[in-house]
Amino acid sequence: QVQLVESGGGLVQPGGSLRLSCAASGGIISAYTTGWYRQAPGKQRELVATITSSGTTNYADSVKGRFTISRDNAKNTVYLQMNSLKPEDTAVYYCNARRQFIDFWGQGTQVTVSS
């Protein structure tokens with residue numbers, strides 16, 4: 001089973017940038033469809049971005065043009081570059097890996113956008 005560990009969260013001012021990392025072990029991350037999800041207080045977890053094993057990416061409308069998902073196969077790591085951050089991006093961000101209808105999740109990393 002693949003294990004996922006997120007890092008890179010923190011406090012940033014509106015308009016700032018952060019890069020989240022999702023390091024995988026116990027499996028080859030490129031064999032999975034990998035995604036970032038987020039959950040704000042009192043809200044349901046929502047999809048942010050995904051990248052398939054072939055490299056096809058997909059984004060939520062709310063982050064298109066601001067966030068970029070990418071993968072480094074040599075490091076077995078998936079990234080989420082977040083630019084032009086807004087207060088409404090504040091949430092716990094979770095890394096997900098899916099294969100054959102089985103989901104694996106990381107523990108989450110907090111992102112807070114506030115002045």
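The values are calculated or read from the model by the stated rules, or taken from the named source; none is laboratory data. Everything numeric here is computed off the predicted structure, so don't read it as measured data. Note that we place each Cβ from the backbone using ideal geometry, even for glycine, and neighbour counts take in every protein chain shown. These area figures cover heavy atoms from the full protein model, side chains too; ligands, DNA and RNA do not enter into them. Shrake-Rupley method; radii C 1.70, N 1.55, O 1.52, S 1.80 Å.
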Reported set for the stretch 1-15 where residues are among the polar types (S, T, N, Q) and within 11 Å of the chain's Cα centre (by Cα) is Ser7
Picked from the stretch 55-96 (must be in a strand (DSSP E or B) and β-branched (Val, Ile, Thr)), the residue surrounded by the most Cβ atoms within 10 Å (Cβ to Cβ) is Val78
Selection over the stretch 6-33 where residues are more than 17 Å from Gln107 (Cβ to Cβ) and assigned to a loop (DSSP other than H, G, I, E, B) yields a count of 7
Residues of the stretch 97-115 being among the small types (Gly, Ala, Ser), open to solvent by less than 90 Å² (accessible area, probe 1.4 Å) and over 11 Å from Val5 (Cβ atoms), in sequence order, are Ala97, Ser114
For the stretch 39-54, does any single residue satisfy the condition of being assigned to a loop (DSSP other than H, G, I, E, B), open to solvent by 60 Å² or more (accessible area, probe 1.4 Å), out of contact with any Ser or Thr (no Cβ under 8 Å at 6 or more places or on another chain) and more than 19 Å from Gln107 (Cα to Cα)?
yes
Filter the stretch 16-38 for residues that are among the hydrophobic types (A, V, I, L, M, F, W, C) and open to solvent by less than 60 Å² (accessible area, probe 1.4 Å); the one that is farthest from the chain's Cα centre (by Cα) is Ala31
